[in-house]
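Take a look at the structure below.
The values are calculated or read from the model by the stated rules, or taken from the named source; none is laboratory data. Quick caveat, the model's predicted, so the values are computed rather than measured. Note: ideal-geometry Cβ built from the backbone for every residue, glycine included; neighbour counts use all protein chains shown.
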Amino acid sequence: MTEFSNAVCEKIKYYVYVLKDPRTSKIFYIGKGTGNRVFQHIKGVVISTQENEKLNIIREIQASGNSVDHCILRHGLTEMQALEIESACIDLLGLESLTNIARGHNTWERGLKSVDEITQFYDAQIITIMEPTIIITINRYYERFMSPERLYKITHSAWKVANYRREKVKYAIAAYKGIVREVYKVEDWNLKIEENRWEFIGTVAESEIRDKYLNQSLDNYIKKGNQNPIRYTF
């Protein structure tokens, strides 16, 4: 089958679908849509010369003489229900097992979390930082379960920091989604001349400071929608 009838399209509403490789029975893509959305990936192979993992798998299946298995996981949904189910399925299988590019709707707010992350999400206390501190938001670069070395690398470099601010800073906070992920003691600054940006040189802060702020909420400093990755507490 390459498309639904008009009657099916009118009645099915929003649905969540999966694409499976018939050679292995492995799901390689999860999506949501209405009408004939589930079949459009196959049509994309015909009209597109684009190279990506999803289209390449479809081409390999077709070259082997097989057809992609299309399965409807849930149907008769509202758009919000479809978004939630799609996101949950992607979380369950993991992006590393799929050809999806993005995790899905409301991944941080409602998506897969460890029990420690759930505790942080619901139990984080709003803090007031007493020390001269630079807060660096790393939302674009943060990865779950990253190593301490990787977290430091993406936090310490490289930012636009004014001279009069830089000289006062004693600590740097790595912030993700408004939560303190790490606290560093700033020992020095290094100018990256080619970028005209600064990176701090530091180490994980002493326990007295780190334990006071780690995994707590920065709602006093980071307002939703503000795009500036840098905040100061002085």
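Computed quantities for the displayed model
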read-out	value
Matching residues, the stretch 110-123, being surrounded by 16 or more Cβ atoms within 10 Å (Cβ to Cβ) and more than 20 Å from the chain's Cα centre (by Cα)	none
Of all residues in the stretch 140-159 being within 23 Å of residue 223 (Cβ to Cβ) and out of contact with any strand residue (DSSP E or B) (no Cβ under 6 Å at 6 or more places or on another chain), the one that is surrounded by the fewest Cβ atoms within 10 Å (Cβ to Cβ)	140
Test: residue in the stretch 202-218 that is closer than 14 Å to residue 157 by Cα and either at pLDDT 95 or above or charged (D, E, K, R) (or both)	yes
Residue 152, sole failed condition from (1) without any contact (Cβ under 8 Å) to a residue 60 or more places away in the chain; (2) touching a helix residue (DSSP H, G or I) at 6+ places or on another chain (Cβ under 8 Å); (3) in the same structural domain as residue 206 (by TED's automatic domain parsing)	(2)
Members of the stretch 14-52 found to be among the charged types (D, E, K, R), over 18 Å from residue 89 (Cβ atoms) and in contact with a Ser or Thr (Cβ under 9 Å, 6 or more places away or on another chain), listed by number	23, 43
Counted residues, the stretch 24-78 - those being under 26 Å from the mean Cα position of the chain (by Cα), modelled with pLDDT of 95 or more and farther than 14 Å from residue 98 by Cα	10
Selected residue (only one of 133, 155, 119, 128 is closer than 30 Å to residue 79 by Cα and of a type in the set (S, T, N, Q))	119
Filter result for residue 2 (closer than 30 Å to residue 177 by Cβ, touching a residue at least 24 places away in the same chain (Cβ under 8 Å) and surrounded by fewer than 12 Cβ atoms within 10 Å (Cβ to Cβ))	no
Residue count, the stretch 8-23 (criterion: in contact (Cβ under 8 Å) with a residue 60 or more places away in the chain and within 21 Å of residue 97 (Cα to Cα))	2
Residues that are in contact (Cβ under 8 Å) with a residue 40 or more places away in the chain, under 19 Å from residue 149 (Cα atoms) and not charged (D, E, K, R), drawn from the stretch 184-219	186, 198, 200, 201, 202, 204, 215
Any hit, the stretch 113-130, residues being of a type outside the set (Lys, Arg), under 27 Å from residue 88 (Cβ atoms) and at pLDDT 90 or above	yes
Pairs where the first residue, in the stretch 38-55, is surrounded by fewer than 14 Cβ atoms within 10 Å (Cβ to Cβ) and the second is of a type in the set (Val, Ile, Thr), C-beta under 6 Å, 6+ apart	53/99
Single match in 60, 86, 3 (criterion: of a type in the set (D, E, K, R) and in contact with a strand residue (DSSP E or B) (Cβ under 7 Å, 6 or more places away or on another chain))	86
